[in-house]
Amino acid sequence: MSFIELKDLNFTYTTDDGEAIYHVLHDLNLTIEEGEFVAIVGRNGSGKSTLAKHFNALLLPTTGSITIDGMNTLDEEKIWDIRSTCGMVFQNPDNQLVSSIVEDDVAFGPENLGVPSAEIRTRVDEALKAVGMYEHRKKGPHLLSGGQKQRVAIAGVLAMSPKCIVFDEPTAMLDPKGRTEIMQILKQLHKDGKTIILITHFMEEAAQADRLVIMYKGRITAQGSPKEIFAQDSILDTNNIERPFAAELAKRLRDKGIDLPNDIYTEDELETYLR
Ligand code: ADP
């Protein structure tokens with residue numbers, strides 16, 4: 001059995017009285033292995049955030065199923081195990097920080113999970129060090145930049161020792177420096193063995209994943225390595241997806257006869273070849 005398995009998953013938003021409003025996710029079948037780094041991309045409204053919330057049981061399938069490390073999200077008894085296995089980082093860091101001191105914020109998750117206090121201390125320190133925020137641990141989150149707040153939010157998830165972290169547009173509200181920092185942390189967590197699921201509309205970020213999953217109108221329409229996906233104009237066109245800027249530029253330079261490999265996705269890679 002794979003670490004994460006979606007089987008014929010459908011999801012319909014309903015009103016509080018159960019009246020169906022909108023059938024968003026259609027027959028999703030997907031498997032993710034432990035330790036993989038998967039990016040989910042697709043135009044706005046394709047259902048990415050709705051899917052993301054299924055990975056830690058914030059939303060439950062209307063029909064079909066999703067299992068996380070063998071646990072079915074429809075099994076109510078497993079809900080806390082699922083949430084501590086698969087943590088979530090959202091777009092807006094301000095909505096994720098609840099305490100007036102950084103380290104208290106990071107402790108919030110493990111406290112809720114009932115982790116013994118001596119272990120909480122160790123986990124909080126380790127999590128803050130992992131995101132480079134240890135020296136800011138006594139500060140109020142309001143004194144931090146957007147990128148720093150997002151790092152604290154990631155530390156809060158790390159302190160719960162999840163096997164998997166789902167990032168839903170984690171850099172969308174950050175400046176380029178903050179974006180780069182978050183991507184570096186994300187890649188380090190992947191190297192450390194965490195399963196990473198990244199939802200992003202920055203193709204340069206998506207291109208750093210092992211695998212891209214493309215969504216269009218609530219369906220998974222394509223999957224493959226960045227190299228496979230970005231090489232196929234038809235996939236990009238039908239799903240309304242752009243190549244990373246550096247990849248587009250590299251392609252135009254190749255068309256003009258400049259000898260460049262066809263797997264350049266980031267500006268840094270392009271720069272290395274043009275030096
Ligand atoms: P994405 O993350 O790809 O932009 P979403 O999952 O946010 O897509 O949204 C998919 C569709 O579901 C959109 O058409 C959106 O308007 C709709 N939607 C999102 N949240 C709700 C909700 N709470 N109730 C009804 N429809 C919703």
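The values are calculated or read from the model by the stated rules, or taken from the named source; none is laboratory data. In this text, all values refer to a predicted model and were calculated from it rather than measured experimentally. Heads up, the Cβs are rebuilt from the backbone with ideal geometry, glycines too, and the neighbour counts pull from every protein chain shown. Remember, those area values only see protein heavy atoms, side chains included, never the ligands or the DNA or RNA. Shrake-Rupley method; radii C 1.70, N 1.55, O 1.52, S 1.80 Å.
General remarks:
- Carbon + sulfur, % of accessible area of the chain - ligands and nucleic acids excluded, 1.4 Å: 47 percent
- Residue-count net charge about G146 - beta-carbon cut-off 11 Å; Lys, Arg +1, Asp, Glu -1: +1
- Prolate/oblate/rounded label for segment 129-275 (Cα gyration tensor, a/c 1.5): prolate
- Other residues within the sphere of radius under 13 Å centred on the Cβ of K191, judged by their own Cβ, net out at -1 (K and R +1, D and E -1).
- Lys, Arg +1 and Asp, Glu -1 on Cβ, resulting dipole of the chain about Cα centre, debye, nearest 20: 560 debye
- Estimated 222 nm signal from helices in the chain, with DSSP H stretches of n ≥ 4 weighted -39500 (n - 2.57), rounded to 500: -10500 deg cm²/dmol
- Among G18, V213, A57 the positive-end extreme of the charge dipole of the chain (Cβ point charges): V213
- Annotation: per residue accessible area for the chain equals 49 Å², rounded to a whole number [probe 1.4 Å, protein chains only].
- Volume of the Cα convex hull of the chain, divided per residue and given in Å³: 139 Å³
- Largest GNM mean-square fluctuation across Q91, Q148, Q232, computed for the chain with C-alpha springs under 10 Å, falls on Q232.
- Estimated vicinal HN-Hα couplings, Hz - segment 215-228 in sequence order (Karplus 6.51, -1.76, 1.60; Gly, Pro = x): 10, 8, 6, x, 10, 7, 9, 7, 8, x, 5, x, 4, 5
- Summarising the amide proton neighbourhood of F167: residues at separation of 5 or more, or on other chains, whose placed amide H is nearer than 5 Å comprise V89, I197, L198, I199.
- Around D27: net Lys/Arg minus Asp/Glu count, Cβ-Cβ under 13 Å: +2
- The translational diffusion coefficient of segment 1-154, from Stokes-Einstein at 10 °C and 1.306 mPa s with a Kirkwood hydrodynamic radius over alpha carbon pairs, comes to 91 µm²/s.
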